[in-house]
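S.K.: Sharing a structure with you now.
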Amino acid sequence: MESTRLNKIERLIQKDLSELFRRQTAMMRGTLVSVSQVRVSPDLSVAKVYLSIFPSIKSDEIMQSVEKSKKTLRYDLGQIVKSQLRRIPELIFHLDDSLDYVDNIDKLLKNGTS
């Protein structure tokens, strides 16, 4: 039962943060930030948010910007989900580099077969 509730909260936070990032990056042409995964602690105090950034060259710059605006993002998220969540978890952002990893493996496989 508890895991079902956590999954719903994780999906809610992922959906709403994705929308916030979509609005913010709409002004930055050629840059895409998506929320690939959210993991919430059982006591709902911490949410680990995994961001996928395209192009990956800009990932360090965007992650620094996200860290600077972490409190604003948490406040904006709270305004969106205030009727569904009593307490907004602290947001901890991580870079999700799984797409780069997959791309690297594809390159290695192509080079190995040629």
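S.K.: Can you confirm whether the range 57-79 contains a residue that is open to solvent by less than 100 Å² (accessible area, probe 1.4 Å), at positive phi and not in a helix (DSSP H, G or I)?
M.R.: No, the range 57-79 contains no residue that is open to solvent by less than 100 Å² (accessible area, probe 1.4 Å), at positive phi and not in a helix (DSSP H, G or I).
S.K.: Would you please name the residue that is modelled with the lowest pLDDT, looking only at residues in the range 1-27 that are in a loop (DSSP other than H, G, I, E, B) and open to solvent by 80 Å² or more (accessible area, probe 1.4 Å)? Walk me through how you get there before you give the answer.
M.R.: Let us first name the residues in the range 1-27 that are in a loop (DSSP other than H, G, I, E, B), namely 1, 26-27.
Filter again for open to solvent by 80 Å² or more (accessible area, probe 1.4 Å), leaving 1, 27.
Details: 1: 39, 27: 79.
Restricting to residues being in a loop (DSSP other than H, G, I, E, B) and open to solvent by 80 Å² or more (accessible area, probe 1.4 Å), the top hit is 1.
S.K.: Mind checking which pairs have a first residue in the range 45-57 that is charged (D, E, K, R) and a second that is surrounded by fewer than 18 Cβ atoms within 10 Å (Cβ to Cβ), Cβ under 7 Å, 6 or more apart or different chains?
M.R.: Taking only residues 6 or more apart or on different chains, the pairs are 48/39; 48/92; 48/94.
S.K.: List the number of the failed condition for residue 62; all other conditions in (1) touching a Gly at 6+ places or on another chain (Cβ under 7 Å); (2) more than 18 Å from residue 5 (Cα to Cα); (3) not hydroxyl-bearing (Ser, Thr, Tyr) hold.
M.R.: Unmet condition: (1).
S.K.: Which one is nearest to the chain's Cα centre (by Cα), of the residues in the range 83-114 that are at pLDDT 90 or above and charged (D, E, K, R)?
M.R.: My answer is 90.
S.K.: Among the residues of the range 80-98, write down those that are under 19 Å from residue 23 (Cβ atoms) and open to solvent by less than 100 Å² (accessible area, probe 1.4 Å).
M.R.: Here is the first cut: in the range 80-98, the residues under 19 Å from residue 23 (Cβ atoms) are 80-82, 88, 91, 93.
Those that are under 19 Å from residue 23 (Cβ atoms) and open to solvent by less than 100 Å² (accessible area, probe 1.4 Å): 80, 81, 88, 91, 93.
S.K.: Kindly list, by first and then second residue, each pair from a residue in the range 60-80 that is within 17 Å of residue 97 (Cβ to Cβ) to a residue that is aliphatic (A, V, I, L, M) and open to solvent by 50 Å² or more (accessible area, probe 1.4 Å), limited to pairs with Cβ atoms under 7 Å and residues at least 6 apart or on different chains.
M.R.: 63/95
S.K.: Before we move on, is residue 43 charged (D, E, K, R) and in a helix (DSSP H, G or I)? Outline the logic, then answer.
M.R.: Working: charged (D, E, K, R): yes; in a helix (DSSP H, G or I): no.
The answer is no for residue 43.
S.K.: Taking the range 8-22, which residues are touching a strand residue (DSSP E or B) at 6+ places or on another chain (Cβ under 8 Å) and touching a residue at least 40 places away in the same chain (Cβ under 8 Å)?
M.R.: 9, 13, 17
S.K.: Report the residue count in the range 28-41 for those that are in contact with a Ser or Thr (Cβ under 8 Å, 6 or more places away or on another chain) and open to solvent by 20 Å² or more (accessible area, probe 1.4 Å).
M.R.: Of the range 28-41, the ones in contact with a Ser or Thr (Cβ under 8 Å, 6 or more places away or on another chain) are 31-36.
Filter again for open to solvent by 20 Å² or more (accessible area, probe 1.4 Å), leaving 32, 34, 36.
Going through the range 28-41 one residue at a time, the tally reaches 3.
S.K.: Next question, about the same structure. Pairs please, first residue from the range 88-108 and under 20 Å from residue 38 (Cα atoms) and touching a residue at least 24 places away in the same chain (Cβ under 8 Å), second anywhere and of a type in the set (Asp, Glu) and in a helix (DSSP H, G or I), Cβ atoms under 8 Å, 6+ apart in sequence or on different chains.
M.R.: Note: pairs meeting the criteria are 93/67.
S.K.: Residue 101: of a type in the set (Ser, Thr, Tyr) and either surrounded by 14 or more Cβ atoms within 10 Å (Cβ to Cβ) or more than 17 Å from residue 24 (Cβ to Cβ) (or both), yes or no?
M.R.: yes
The values are calculated or read from the model by the stated rules, or taken from the named source; none is laboratory data. The structure presented is a predicted model; accordingly, all values stated were derived computationally and were not measured. Note that each Cβ is placed from the backbone with ideal geometry, even for glycine, and that neighbours are counted across all protein chains shown. Remember, those area values only see protein heavy atoms, side chains included, never the ligands or the DNA or RNA. Shrake-Rupley method; radii C 1.70, N 1.55, O 1.52, S 1.80 Å.
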